[in-house]
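The values are calculated or read from the model by the stated rules, or taken from the named source; none is laboratory data. The structure presented is a predicted model; accordingly, all values stated were derived computationally and were not measured. Neighbour counts run over all protein chains shown; Cβ positions are idealised from the backbone, glycine included. Side chains included, ligands, DNA and RNA excluded: accessible areas come from the protein's heavy atoms. Shrake-Rupley method; radii C 1.70, N 1.55, O 1.52, S 1.80 Å.
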2 protein chains.
Amino acid sequence: MAYRKLHHAVLLGIAALMATGAGAADKKAEKELPPKPSVGDVLKGSTPGDWRPLDPDNTLYMELPGGRVVIELAPDFAPNHVRNIKALAREHYYDGLAIIRSQDNFVVQWGDPHEDDEQVRKVKSAQKTLPAEFTVPLANDRHFVRMRDIDGFAPQIGHSGGFPVGRDPKAGRTWLAHCYSMVGVARGNESDSGGGTSLYVVTGQAPRQLDRNITVVGRVVSGMPLLSTLPRGPAPMGFYEQPGQQLPIGAVKVAADVPEAARSRLEVMRTDSATYQSVLEAQRNRGGPWTKYTPNYLDLCNAQIPVREQK
Amino acid sequence: MAYRKLHHAVLLGIAALMATGAGAADKKAEKELPPKPSVGDVLKGSTPGDWRPLDPDNTLYMELPGGRVVIELAPDFAPNHVRNIKALAREHYYDGLAIIRSQDNFVVQWGDPHEDDEQVRKVKSAQKTLPAEFTVPLANDRHFVRMRDIDGFAPQIGHSGGFPVGRDPKAGRTWLAHCYSMVGVARGNESDSGGGTSLYVVTGQAPRQLDRNITVVGRVVSGMPLLSTLPRGPAPMGFYEQPGQQLPIGAVKVAADVPEAARSRLEVMRTDSATYQSVLEAQRNRGGPWTKYTPNYLDLCNAQIPVREQK
């Protein structure tokens, strides 16, 4: 009973942190502002056609002790790396490897802890390294819808196929942006020194300086807390120092290889839908009584890409 | 022995994620680029005058089961709230309260779990609520140094006294920006409904839409992982549902009230120093063999404000 009351009180309290409301200067702060649809309102009003299921052929399941991380792959933006990562998963390359790094406000990385000793995991049919796919031809972002918001890292920004995208029409190139939950391919100094045997996910403020420097292959659409809450590693750059600190990876599987009954039934909002544009606008200019000032601006990496259980 | 080798290998591997190197188009990727000073190089070259110790009168220690969180307060930007939060600490208001919320990629919040029941913690000499200090007069950012980088949320951005700042010269106002590790005052719908009894820290992508909507009072300069790795709460917006899920706060103290021998001996780089400008430039345009493309741009909330143990 007390908890009910507490819960109510607390939810009230944190309206403070949801920032929904339409614009007004500080001086007008106490003037009640006209309500606007919130992201929640827009989602409630969405139709089945606004959503698409994940494609099992381009979805990875990383099974961790705490549960499943679901990664949507982006073959349009890294065709060769996506193919190779699926081949690595299918030869069970990742099974039994580990999370080797967690750096606060940056990334969590996984791969072979024995990459440099005699117990190194051998790559079989897949490739150890591949030519870089840091950017791809503009034609690859077939579903690009531009955001009007300015961006310091790219001439144009927006979304394509459910991913945050930067693009440079003059150079004729497009690429996936390093936003929270995006997954990339670790490499050494040479552009072609990675291939997917070690991957990382962004767990902090978007390190957009990595854009066009690393092949980005997809996005974690479910299970981020399994990675973002991992203890930070004590060694430089968040590496774990002892095997005991490393979280073991049970298996990484292509969803299509998992019996249907055991698959995660998730769907993602179509980022080329009118409803998604309303989601963006609901974040750019918030409605309701709480907000006293609205920026009429949305940062690419603050744009929520809605994911839900399939209905 | 194997660990030594492993550690070496791994550090090599993650040069990939440090993105240090000067600009080049993808096509020139394999051309070796001229080295540039990294942030580490700049720090090595810094002089004692580039650093300042934390002011014990404006530093809070939040003692958690896992260790100490050190918060630098910003009296220039929220004079009344900083005074009130210190008064709350000195009447032991926070002692024995709890972390009540952890929402992935957003915030961790603490306060009174009983705020709405008969066990509510009473405020004594301090105030329960205060008029908002969402922004302050331009004159308050006495140490402002502007960044040249564009920003979608503020006409001008930069740093003042060790904090990331947005400002609007036309409106004559300045404010602290909601970057990772910044601490703000939770409130209800009314601007003056907060006072510091419940505070939050940013643990994800900078929610800059909160700028000018909440009174921001300072920054966590040490101990972020104690907050950022907390299990995410199962209730809406990351609230914990049961007291057992809430992390207890041992005590919150003003550093000046702690015996000198028990104080954290930290110093922060002066953000109005020439050396700090070199830190920013080292992030805007990285040097070394790894980077193939450099944006010549730095996001306000990716700008590192160096903190170190006092020498």
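Distance from a point 7 Å along Cα→Cβ of B:Glu309 to each backbone N in region B:55-72: keep the residues under 16 Å and list them by number.
Residues B:68 qualify, since their backbone N sits under 16 Å from the label point.
Out of the total accessible area of region A:96-238 (probe 1.4 Å, heavy atoms of protein only), what percent is carbon and sulfur?
51
Across region B:110-115, in residue order, what do the Karplus-derived ³J(HN,Hα) couplings come to in whole Hz, using 6.51 cos²θ - 1.76 cosθ + 1.60 with θ = phi - 60° and x for Gly and Pro?
Karplus-based 3J(HN,Hα) across region B:110-115 equals 10, x, 9, x, 9, 3 Hz.
Going toward the positive end of the dipole of chain B, with +1 on Lys and Arg Cβ and -1 on Asp and Glu Cβ, which of B:His178, B:Tyr200, B:Val82 do you reach last?
B:His178
Could you compute how much accessible area chains A and B hide from each other, both sides summed, with a 1.4 Å probe? Nearest 100 Å² is fine.
Interface between A and B: roughly 6900 Å².
Tally Lys and Arg at +1 and Asp and Glu at -1 over the other residues with C-beta under 10 Å from the C-beta of B:Leu97: what net charge comes out?
Overall, the nearby charge balance is -2.
Say a label goes 7 Å from Cα toward Cβ at B:Arg265 in every copy; what distances in nm does this one have to the rest, shortest first?
Label-point separations across copies, in nm and ascending: 6.1.
Within a 10 angstrom radius of each residue's Cβ in B:177-188, how many Cβ atoms of other chains show up on average? Whole number is fine.
3
Taking R0 as 41 Å, what FRET efficiency do you get between A:Asp95 and A:Asp272 from their Cβ-Cβ distance, rounded to the nearest 0.05?
Working from the Cβ atoms, E equals 0.70.
Sticking with the crude label model, points 7 Å out along Cα→Cβ, report the distance from A:His143 to B:Ala171 in nm, one decimal please.
Distance between the two pseudo-spin positions: 3.7 nm.
Averaged over peptide B:215-225, how many Cβ atoms belonging to another chain are found within 10 Å of each residue's Cβ?
1
Taking the Cα centre of chain B as the origin, how large is its charge dipole in debye, to the nearest 20, when only Lys and Arg (+1) and Asp and Glu (-1) carry charge on their Cβ atoms?
980
Identify, for chain B, the residue whose C-beta comes nearest the rotation axis onto chain A, and round that distance to whole Å.
B:Thr229, 2
Please get the size of the charge dipole for the protein assembly as shown, origin at its Cα centre, with Cβ charges of +1 on Lys and Arg and -1 on Asp and Glu, quoted in debye to the nearest 20.
Charge dipole, the protein assembly as shown, about its Cα centre: 700 debye, nearest 20.
Would you be so kind as to identify which of B:Leu64, B:Val258, B:Pro164 lies farthest towards the positive end of the dipole of chain B, taking Lys and Arg as +1 and Asp and Glu as -1 on Cβ and the Cα centre as origin?
B:Pro164
Measuring nothing but label to label, 7 Å from Cα along Cα→Cβ, what are A:Pro236's distances to the other copies in nm, shortest first?
4.8
Between A:Asp55 and A:Ile150, what length in nm is gained on full extension when 0.36 nm per residue of separation is reduced by their alpha carbon distance?
Fully extending the segment from A:Asp55 to A:Ile150 adds 31.0 nm.
How much accessible surface does A:His92 have with a 1.4 Å probe, in Å² rounded to 10?
100
Find out how many positive minus negative residues lie around A:Gly152, taking Lys and Arg as positive, Asp and Glu as negative, among other residues whose Cβ is under 9 Å from that of A:Gly152.
It works out to a net charge of -3.
When the accessible area of each residue in region B:107-145 is compared between its chain alone and the complete protein assembly (1.4 Å probe; ligands, DNA and RNA ignored), which residues differ by at least 30 Å², being lower in the assembly?
Going by heavy-atom accessible area, the residues of region B:107-145 that drop by at least 30 Å² are B:Pro113, B:Glu115, B:Asp116, B:Asp117.
With label points built 7 Å along Cα→Cβ from the Cα atoms of B:Ala262 and B:Asn80, find their separation and express it in nm.
Placing both labels 7 Å along Cα→Cβ, they lie 3.3 nm apart.
Between region A:57-117 and region B:158-203, how many Å separate their Cα centres?
Spelled out, the Cα-based centre of one part sits 38 Å from the other.
Take every Cα pair under 8 Å in chain A that's 6+ residues apart, average their separations, divide by the length, and report that relative contact order as a whole percent.
31
Which is farthest toward the positive dipole end of chain A among A:Phe144, A:Gln246, A:Met224, measuring Cα position about the Cα centre, with Cβ charges +1 (Lys, Arg) and -1 (Asp, Glu)?
A:Phe144
List the residues whose amide H sits under 5 Å from the amide H of A:Leu247, counting only those 5 or more places along or on another chain, with H placed 1.01 Å from N in the peptide plane.
A:Ile99
May I ask you to give the solvent-accessible area per residue for chain B, in square angstrom, as obtained with a 1.4 angstrom probe?
Ligands and nucleic acids excluded, the figure is 39 Å² per residue.
Using the Cα centre of region B:207-311 as the reference point, and only Cβ charges (+1 on K/R, -1 on D/E), how large is the resulting charge dipole? Debye, rounded to the nearest 20.
With Lys and Arg at +1 and Asp and Glu at -1, about 240 debye.
For region B:295-311 and region A:248-305, what is the separation of their C-alpha centers, rounded to whole Å?
Measuring centre to centre over Cα atoms gives 29 Å.
Going highest first, how would you order A:36-45, A:173-182, B:169-178 by mean Cβ packing within 10 Å?
In decreasing order of mean packing, A:36-45, A:173-182, B:169-178 become A:173-182, B:169-178, A:36-45.
Give the average, rounded to an integer, of partner chain Cβ atoms located within 10 angstrom of each Cβ in A:295-307.
4
Between copies, how close do the B:Gly96 label points come, placed 7 Å along Cα→Cβ, listed in nm from shortest?
Taking the point 7 Å beyond Cα along Cα→Cβ, the inter-copy spacings are 5.3 nm.
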